[in-house]
1. Farther than 30 Å from B:Ser475 by Cα and in a strand (DSSP E or B) - does that describe any residue in the range B:275-285?
2. Can you tell me which residue within the range B:534-573, out of those that are charged (D, E, K, R) and free of Cβ contacts under 8 Å to residues at least 60 places away in the same chain, is nearest to the other protein chains (Cβ to nearest Cβ)?
3. Mind checking which residues of the range B:347-372 are over 43 Å from the mean Cα position of the chain (by Cα), farther than 15 Å from B:Met478 by Cα and assigned to a strand (DSSP E or B)?
4. Take the residues in the range B:202-222 that are touching a strand residue (DSSP E or B) at 6+ places or on another chain (Cβ under 9 Å) and without any contact (Cβ under 8 Å) to a residue 24 or more places away in the chain; name whichever of them is nearest to B:Ala92 (Cα to Cα).
5. Taking B:Gly406 and the conditions (1) within 19 Å of the chain's Cα centre (by Cα); (2) crowded, with 16+ Cβ neighbours inside 10 Å; (3) closer than 30 Å to B:Arg100 by Cβ, which numbered condition does it fall short on, given that it satisfies the others?
6. Has the range B:276-290 got at least one residue that is closer than 21 Å to B:Pro396 by Cα, in contact with a helix residue (DSSP H, G or I) (Cβ under 6 Å, 6 or more places away or on another chain) and not acidic (Asp, Glu)?
7. Quick check: anything in the range B:510-521 crowded, with 19+ Cβ neighbours inside 10 Å and under 22 Å from B:Val450 (Cβ atoms)?
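The values are calculated or read from the model by the stated rules, or taken from the named source; none is laboratory data. Computed from a predicted structure; not experimentally measured. We place every Cβ from the backbone using ideal geometry, glycine too, and count neighbours over all the protein chains shown.
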Amino acid sequence: MRPVLYVASFLAVMALAFWAYRENYATQQLLKDVSALNRQIGGLRESLAIQRAEWAYLNRPDRLRELVNVNFDRLGLLAMTPEQFGTPEQVTYPPDPLFGMMIDPNAAQDELIP
Amino acid sequence: MIRTPLRPLARILEARRRGENPDSIERENLRLRHEAMRDKSRARAETRLLCLGLAFFTAFTVIGARMGTLASGQPMEPRSALAGTEISANRADIVDRNGRILATNLRTYALYAHPKDMIDPARVAVELEKLFPELDAETLERRFTDGRSFMWIRRKLSPEQMQAVHDIGDPGLLFGPREMRLYPNGHLAAHILGGSTFGAEGVHSAEVIGMAGIEKAQDDRLRDPGHPEPLALSIDMTLQSTVTEVLATGMQMMNAKGAAAVLMDVKTGEVLSMASLPDFDPNDRPQPLLTGDPGDSPLFNRAVQGVYELGSTFKIFTVAAAMDLGLVTPDTIIDGKTPLVWGRFRIKEFQNKNYGMQTVAEVIEHSSNVGTARIALQIGALRQQAFLRSLGLFDPTPVELVEAPGARPLVPTKWPEIVTITTSYGHGMSASPMHLAAAYATIANGGVKVEPTLLRRDVPVNGPRVMSEETARNSVDMLRSVVTKGTASLAEVPGYEVAGKTGTADKPNPQGGYYPDKVVNTFASVFPASDPQYVLIVTLDEPVETTLPTPRRTAGWTAVPVSAEIIRRTAPLLGLRPIAPEPEPDHLLAVRN
């Protein structure tokens, strides 16, 4: 009985050693992957910062104003002024599609009958 | 285990036979047994102690060895740290109230040299001079060959320049990474942002430190690694750009040498726009002037540092103080006959007018010096000082700029009655446009004190009450009548109910007295008058309006039209709907009713 126990425990130790060996290398590989990913994240963050700076630079008010002036023929953009505020009375009331059909049944039928 | 009986029968019998006490045999055996037990447990305890000692020894040895390796080894970043808890090494960005970038960082490289590793110093010097014209080849070569082992060449390189230096191909030229502060909007809000420079520099990094403006005032916050989120200012970039554009045009049209504008939210005290002209590019901050008046430098922030006599804009404070003390009402009649003689001083009106008897509201409408002086004399020096102090006109403004604490208002040290008189209409005492904005905001905010800030605040301030709500309401109404009937008629912007007060102050001559033809024109306005929300201060330095043969230098002709244009352009951006004019009464209906 005792020799069987010895052999079994020896085999168990060998198996555990093999497992620990593999875990060790797997962990190191994962750490390498993590640091590679972190480097990648850092690089992407940096390029994001550059993109944001570039976006801000391209959208600076001076440049936009110049572009508006250059493209005035096509776009006709003007500065916002108080006159551009309208009153509700200036907006025509949209016809109710359902109600419109009801008061003009001929038009509706014309559409239905080709 | 063989256990020895305590009373072995053979020995007992033997003892009895000899007439001895058999109990002594039992005691003897008991003693022996106890000794054996004691020896055994001692041996076991000793073994245990030894084991424990060994365990402790091993544990402490392992910990000590680990500490030793940690202390003597190279520091290493933890590789398995969780994301999201990272500390930012960058200086925080500065954004406007809507999150648009005002200042950010850009990765760039600095160029340095190890001359001892250089293969051909002469060629490197010539090549570098070709790339960077400001460098001198001879100086470079001399410094490359004088035996030093390290030298800086340039602090910032663009990627193209870096590639060109790479192409020189000398192993003695090296690059160190740098964070460069970038202000993508150029001149916009230059005085607020200030600028930045490099602090301690190393090969691998350099610290970026604020040099002026909010960059310096909030330096600790911006550099704090625990606060990587951007710093949100109260400034709105669109408004700032519009105000600066209109102000620059106005300054040019009015032939002024400088101008400043402050636009403030009266509920929160947030400065939505603050412009000072001439300005500069914070990416390339100019050197301060070494000679002449520092106030002429583009670095000078007129809105905060420019401490001027603000003239008649102060009159409303005198009248508000008198109304709050219950001395007058808007309808009280004031004697405004000129001149008011006080000792050897004669107080007169602009263009030697004489308004005679007038109501308090008319004193403000006409901008009557004599009327204001009479009201101030009723108030008295002490109460006048207390009121001005409560409006914050005696202390530096609390805005978050490094220049602000230095811009202390110039207040007369003694306060005889003549100072009471002159201060009542804004002469003899100087304050900055930012002070004026805060004081007008306090009136517009229903009399609750407003402290200006450049940081986004969002919640209304809950300051101390400076004057009653009724006084504040009446003051705003008087300011409104200045625009509808008085000196600031050009400020009328249809739909926005502008209320305000003009101020024209002669510029003091450093040699004493005042310049005859140099003025500082100010227009302090509040809009819309029925529910004041914003305060706008416009100051023009030495303006002159020359469309007529006689040049005009009063604020009503210079600062007022510029302010009106700023309000016309900014109010829609602020989301203010123009208030529709009262409809014409229908005569038919009126008759029928």
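1. Yes, that holds for at least one residue.
2. So, considering only residues that are charged (D, E, K, R) and free of Cβ contacts under 8 Å to residues at least 60 places away in the same chain, the one nearest to the other protein chains (Cβ to nearest Cβ) is B:Arg552.
3. B:Gly356, B:Met357
4. Applying the filter and picking the extreme gives B:Asp219.
5. The single condition B:Gly406 does not satisfy is (2).
6. yes
7. No, there is no match, as no residue in the range B:510-521 is crowded, with 19+ Cβ neighbours inside 10 Å and under 22 Å from B:Val450 (Cβ atoms).
Residue-wise test of (1) in contact (Cβ under 8 Å) with a residue 60 or more places away in the chain; (2) in a loop (DSSP other than H, G, I, E, B).
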| site | (1), (2) |
| --- | --- |
| B:Ala322 | no, no |
| B:Gly326 | no, yes |
| B:Ala376 | no, no |
| B:Phe387 | yes, no |
| B:Thr397 | yes, yes |
| B:Ile418 | yes, no |
